[in-house]
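Just below is one structure, and these are the notes that go with it.
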Amino acid sequence: MKDLVYPAIVYKDDEKATNTGWYTITIKDLDIVTEGETVVDAYIKAKAILCAMVECAIKFDCEIESPTDFEKVYKQNKKDIVLLVDALS
């Protein structure tokens, strides 16, 4: 299986902000959206969902969308945090 590493966009959610903040993360290629109190928490949740999706796709022999180029996503979202999330467990 090829490595599946997806760009993810992290947004600070000011409506849910606390002293530590609140962050929404999305992997647009796969319609994954989740959130966490910290960037790390949001990243961990997104990675868990991505790994589960890939595992299901393998189990049921389904195609999974290829990742969009990181540079393209970064250029379109310069005001946000853009991270790479891998499907390796």
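The values are calculated or read from the model by the stated rules, or taken from the named source; none is laboratory data. Nothing here was measured: the structure is a model prediction, and the numbers come from that model. So basically every Cβ, Gly included, is an ideal-geometry build from the backbone, and we count neighbours across all protein chains shown. The area values use the complete protein model at the heavy-atom level, side chains included, leaving out ligands, DNA and RNA. Shrake-Rupley method; radii C 1.70, N 1.55, O 1.52, S 1.80 Å.
Working note: 222 nm ellipticity from helices only, DSSP H runs with n ≥ 4, each -39,500 (n - 2.57), summed and divided by the residues of the chain, gives -10000 deg cm²/dmol to the nearest 500. Remark: relative contact order (the chain) = 38 percent; criterion is Cα-Cα distance under 8 angstrom and separation of 6 or more residues. Rolling a 1.4 Å probe over the protein chains gives residue 83 an accessible area of about 50 Å².
Excluding the site residues themselves, the longest part of the chain lacking any GluC sites (Glu not before Pro) in a DSSP loop with at most 13 other Cβ atoms within 10 Å is 16-62. Between 12, 47, 72, the residue with the greatest mean-square fluctuation in the GNM of the chain (Cα pairs under 10 Å linked by springs) is 72. In the chain, the portion of solvent-accessible area held by carbon and sulfur atoms comes to 53 percent [1.4 Å probe, whole percent, DNA, RNA and ligands not counted].
Distance between the pseudo-spin-label points of residue 39 and residue 13 (7 Å out from Cα toward the beta carbon): 1.8 nm. Basic side chains Lys and Arg get +1 at the Cβ, acidic Asp and Glu get -1 at the Cβ, and with that the dipole of the chain about its Cα centre reaches some 220 debye.
Taking all protein chains as shown and a probe of 1.4 angstrom, residue 51 keeps an accessible surface of around 30 Å². Classify the range 46-89: rounded, prolate or oblate, from the alpha-carbon gyration tensor (a ≥ b ≥ c, eigenvalue square roots; a/c under 1.5 rounded; otherwise prolate if a/b is larger than b/c)? Note, shape of the range 46-89 comes out prolate.
Given a 1.4 angstrom probe, what's the average accessible area per residue across the range 29-68, in square angstrom? List each step's numbers first, then the result.
Details: 2590 Å² over 40 residues.
Normalised by residue count, the accessible surface of the range 29-68 is 65 Å².
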